[in-house]
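What follows is one structure encoded as structure tokens, with my remarks underneath.
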Amino acid sequence: MAFEGLSERLQSVMKKLRGKGKVTEADVKEAMREVRLALLEADVNFKVVKTFIDRVKERAVGQEVLQSLTPGQQVIKVVNEELQELMGGEQSKLAQANKPPTKIMMVGLQGAGKTTTSGKLVRYLQKQNRRTLLVAADVYRPAAIKQLEVLGADLNTPVFSLGDQANPVDIAEQGVAKASAEGFDYVIIDTAGRLHIDEQMMDELKQIREQIRPDEILLVVDAMTGQDAVNVADHFNKQLGLTGVVLTKLDGDTRGGAALSVKSVTNCPIKFVGMGEKTDALEPFHPDRMASRILGMGDVLSLIEKAQSAVDKEKAKDLERKMRTLSFTFDDFLDQLQQVRKMGPLEDMLSMLPGAGQIKGLKNIQVDEKQLSRVEAIIRSMTPKEKEHPEIINASRRKRIAAGSGTTVQDVNRLLKQFEDMKKMMKQFSNMAKGMKKKKRGG
Ligand code: GDP
């Protein structure tokens, strides 16, 4: 999980402060010494660490903090605000041209996740009902064009290509012309990367930039490479003038040094982070939410947004009605289970809850995905009639369902019991709601 080590260490420092009724200057200094070590260990650029610590110290030993009623909390507040500032302060949104198409040029070293991220952006924009065109301008890496075409087919979005013999500048230019002519909202140009930065690559990118005048030049870097990613960003920015950075593979980056240093070193905002290989694993980067996630204060807003994008509104309404009228069946149960799973791994969601890191039982929780799959298999092995009227599931039916789903009769019994308990609970709620309505009317 992202920021695991840093998060743990900072939280333990903050916990010590929080518990104190009186905080002295020496306490703050001691805490900052630990914060400094934690940041360095997380591979944050040393200059960035120094500036950060100086700023926090200056603000935290001030009169209004130490003499406040809750000095510990106030210091934490300062750390939270400065962390947020470090990562760019406000959220930096994707550009939108006054006149479509908005032109996005994707740049980066090979393997950073440029092509994958182009696909993720398409998915992100599609959710906002935007029409996108992908342009395959990487003619050097074998199979790069094919990779983009496969991605495009998966996402149901067109891919413009002139094969691997054409000049990338021409490809980009013609791709943009096509997007304009056909009224696309966004055109995303996947350019060539190299293993290392080289002059030829930069020259080509500059030519493309001159030719198409992009609204957005997004650099894709791999978070797991830590300070290397920051150096790459610095170099690209000086040569090309970036408008934003996409930090990929944050899901595997336990340290977080790149995420915390990129903005300060390059003055380029992080616009998105990649949290997995799938096309929906792209999140807009919110410095404030990230700061509170690192400090274990949770990220409830992102959690709610995730839920909103995963849950189908019509279905939710339908479900609510079924619960009220007690006509909830195993089919609905399955539906609900799938909606929850669409939100992503449960571990990730738990990590967004405030204080989740502090709860012992949750710390190394491995949500049993197998268990969920088992429940799905059992429900799928029921006949339509059984799903609607589970009360008809007798001993021989239980045996058949267990055999059909590759589970045991005990597993089936357990699920039936859970379902029954759930229905009982719904009945209670429904009665309670009715009672309240009556009271209202009566009074
Ligand atoms: P490119 O050479 O920059 O175009 O890189 P690709 O898009 O081909 O990605 C290289 C590898 O990184 C692929 O295996 C991707 O699945 C993987 N990848 C990209 N983004 C992420 C991410 O956010 N998380 C994880 N875990 N893997 C990613």
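Coordinate-derived values only; no laboratory data. Computed from a predicted model, the values in this text were never measured in an experiment. All Cβ positions, even for glycine, are placed from backbone atoms using ideal geometry, and neighbour counts span all protein chains on display.
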- Query: Among the DSSP beta bridges whose two residues both lie in the chain, what percent are antiparallel, rounded to the nearest 5?
  - Reply: 10
- Message: From the Cα trace of segment 102-305, what convex hull volume per residue do you get, rounded to a whole Å³?
- Response: 111
- Only helices counted: for the chain, with every DSSP H run of 4 or more residues adding -39500 (n - 2.57) and the sum spread over all residues, [θ] at 222 nm is -18500 deg cm²/dmol
- Task: Take the Cα pairs of the chain, get the Kirkwood Rh, then feed it into Stokes-Einstein at 10 °C and 1.306 mPa s and tell me D in µm²/s.
- Result: 63
- Task: Answer rounded, prolate or oblate for segment 193-256, using the Cα gyration tensor with square roots of eigenvalues a ≥ b ≥ c: rounded when a/c is under 1.5, else prolate when a/b is larger than b/c, else oblate.
- Result: prolate
- Note on the structure: Of every Cα-Cα pair in segment 4-86, the percentage lying beyond 16 Å is 46
- Give me the number: length gained by fully extending residue 149 to residue 267, i.e. 0.36 nm times residue separation minus the C-alpha to C-alpha distance, one decimal in nm. 39.1 nm
- Task: Name the aspartates and glutamates eligible as straight-distance cross-link partners of residue 114: C-alpha to C-alpha under 13 Å, and not fewer than 8 places from it in the same chain.
- Result: 138, 190, 222, 277
- Task: Under 14 Å from the Cβ of residue 180, count the other residues' Cβ atoms, weight Lys and Arg +1, Asp and Glu -1, and hand me the total.
- Result: +1
- Message: Across segment 118-215, what fraction of all alpha-carbon pairs, as a whole percent, falls in each successive 10 Å bin from zero upward?
- Response: 16, 49, 31, 4
- Task: Could you line up 64, 388 from fewest to most neighbouring Cβ atoms inside 10 Å?
- Result: 64, 388
- Item | Fewest-first ranking of 124, 140, using other Cβ atoms within 10 Å as the exposure measure | 140, 124
- Query: Working out 0.36 nm times the residue gap between residue 408 and residue 210, then minus their Cα-Cα distance, what length gain in nm do you get to one decimal?
  - Reply: 64.7 nm
- Task: Evaluate the distance, in nm, between pseudo-label points positioned 7 Å from the Cα of residue 254 and of residue 77 along their respective Cα→Cβ axes.
- Result: 3.5
- Please work out how much length the chain gains when fully extended from residue 64 to residue 318, using 0.36 nm per residue of separation minus the C-alpha to C-alpha distance, in nm with one decimal. 86.1 nm
- Could you state the principal axis extents of the C-alpha atoms in segment 83-134, from the largest down, to the nearest angstrom? 36, 31, 19
- Using the structure shown, list the pairs from 15/315; 120/370; 120/263 with a Cα-Cα distance above 31 Å, or answer none. 15/315
- Could you check the simple spin-label distance between residue 392 and residue 326, using points 7 Å along Cα→Cβ, in nm with one decimal? 2.0
- Can you give the FRET efficiency for residue 182 and residue 337, using 1/(1 + (r/R0)^6), R0 = 41 Å, r = Cβ-Cβ distance, to the nearest 0.05? 0.50
